[in-house]
Amino acid sequence: QLQLVESGGGLVQPGGSLRLSCAASGFTLDYYAIGWFRHAPGKEREGVSCISYNGGSTNYADSVKGRFTISRDNAKNTVWLQMNSLKPEDTAVYYCAASTYYDCSAYPADFSSWGQGTQVTVSS
């Protein structure tokens, strides 16, 4: 009933761009903060970005500030992550997840509903 589905990943050259989508089903996003996370081989899963329930506040990891932008449209039940100026170190499986909170105060902790992930590979 509570499902998130990521899409938009793929292979891109360094300096390129991708736009990831996170679509919800079984529930509406209106009351949930949504986070983007990534997990690369040999590394710990890390938080990338978070957006509050109404888009009023956002949070970014230092490694992606100025390059990534998170946004949402609750009427479409969708959250996006626009990724620009991609680097090889951005290569990972990217996941979106719903928080138990309406804001990002607990981010990157306390995210309960997760998508299946979408692969992003940055390589020449």
Matching residues in the range 58-80 (more than 17 Å from D103 (Cα to Cα) and among the aliphatic types (A, V, I, L, M)) number 2
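Kindly indicate the residue of the range 91-108 that is open to solvent by less than 50 Å² (accessible area, probe 1.4 Å) and not in a strand (DSSP E or B) and also modelled with the highest pLDDT among those meeting that condition. Steps first, answer last, please.
Filtering the range 91-108 down to residues open to solvent by less than 50 Å² (accessible area, probe 1.4 Å) leaves 91-94, 96-99, 103-104, 106-107.
Retained after the next criterion (residues that are not in a strand (DSSP E or B)): 91, 103-104, 106-107.
On the way: T91: 98, D103: 94, C104: 94, A106: 88, Y107: 90.
Selected residue: T91.
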Check L11 against each of (1) assigned to a strand (DSSP E or B); (2) in contact (Cβ under 8 Å) with a residue 24 or more places away in the chain; (3) under 13 Å from the mean Cα position of the chain (by Cα) and name the one condition it does not meet. (3)
Which ones in the range 8-29 are surrounded by 13 or more Cβ atoms within 10 Å (Cβ to Cβ) and more than 19 Å from P88 (Cα to Cα)? S21, C22, A23, A24, F27, L29
If we only count strands (runs of 3 or more DSSP E) wholly inside the range 21-90, which ones have 3 or more residues that are without any contact (Cβ under 8 Å) to a residue 40 or more places away in the chain? 68-73
A careful count of residues in the range 30-49 that are under 15 Å from the mean Cα position of the chain (by Cα) and surrounded by fewer than 17 Cβ atoms within 10 Å (Cβ to Cβ) gives 4
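The values are calculated or read from the model by the stated rules, or taken from the named source; none is laboratory data. Predicted model only: the values in this text are computed from it and were never measured. Cβ coordinates were reconstructed from backbone atoms using ideal geometry, including for glycine residues, and neighbour counts include every protein chain displayed. The protein model used for the area step is the full one, side chains on, heavy atoms only, and it has no ligands, DNA or RNA in it. Shrake-Rupley method; radii C 1.70, N 1.55, O 1.52, S 1.80 Å.
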